[in-house]
Each structure stands twice: as structure tokens, then as C-alpha cells.
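Asks: Sharing a structure below in C-alpha cells format, with a few things to ask.
Read the figures in this text as sums done on the coordinates, not as results from a lab. Just so it is clear, the structure is predicted and the values come from calculations on it, not from any experiment. All Cβ positions, glycine included, derive from the backbone under ideal geometry; neighbour counts span all protein chains shown.
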């Protein structure tokens, strides 16, 4: 019996969907309920973790990984330039890598500043009633 790639992919998707549904059922079954029978879900991240703080933590982690990739690109661009042996094409390639890594780093720092401003200053800003 010959199976096609699409049927294999479809079977994998069905299996993953079944695993997801079963895991949701298990997590709901482990949650408590109060005296009125209402199901309560506990926060798996802790009592004091807000969605804004969690999203900020995830975004800061992603920006840290991207910043590390920018460092790797700086090293790669510098090595390309240094090992060019005077070849104009390799020198240009090394310079271009360094320029684009710098632009990427500026974008990363801007995104970091924007995320910190939105998460910590706008979302957590005290409300004034007057």
C-alpha cells in the first residue's frame, strides 16, 4: 500500500489535534470547583502574574534571542571582511552584513524600548479619577 505525503501530514495533524484536546480535558479535570459547582481554573504562571507581564516577558525573551542573532551577524560580517584577502566582492559582502546587522540592532533596541513603554508605562499606569 502506497501512502502519499499529504495523507501522512493529515494523519500527523489529526494526531496532534487529538493530543491537544486530550490535554485540555485533563487540565480541566484537574481544576477545582467551588460550592456552587462553577469550575475554577488556576493560573499556571502564579497568582500575581498578569497577562501584560507575561506577554512582556515573552517579548523580552524573543528580543534577547534576536539580539544574540545580531551579535552573531556582526561576528560573521567581521570575519567575512577580514578573510576577504582584498577581494572587492568579499569586502563589500562583509561591509553589507555589518551595515544590515547595525540596522537590525537599531530596530531591536527600538522594539525593546517600545515594548517596555507599552507594557510598563501604559498598561500599568495608575488611573486618576478626578
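Asks: How many nm separate the modelled label positions at residue 16 and residue 71, each set 7 Å beyond the Cα in the direction of the Cβ?
Replies: Here the modelled spin labels are 3.1 nm apart.
Asks: For segment 51-123, what log10 I(q)/I(0) values come out of the Debye formula at q = 0.11, 0.21, 0.22, 0.24 1/Å, with one point per alpha carbon and no solvent?
Replies: Results for segment 51-123 at q = 0.11, 0.21, 0.22, 0.24 Å⁻¹ read -0.38, -0.82, -0.86, -0.95.
Asks: Normalised by the number of residues in segment 51-123, what is the relative contact order in percent for Cα pairs under 8 Å and 6+ residues apart?
Replies: In percent, rounded to a whole number, it is 40.
Asks: A further question on this structure: Would you kindly state how much longer the chain becomes between residue 62 and residue 122 on full extension, computed as 0.36 nm times their sequence separation minus their alpha carbon distance, in nm to one decimal?
Replies: Result for the pair: 19.5 nm of gain on full extension.
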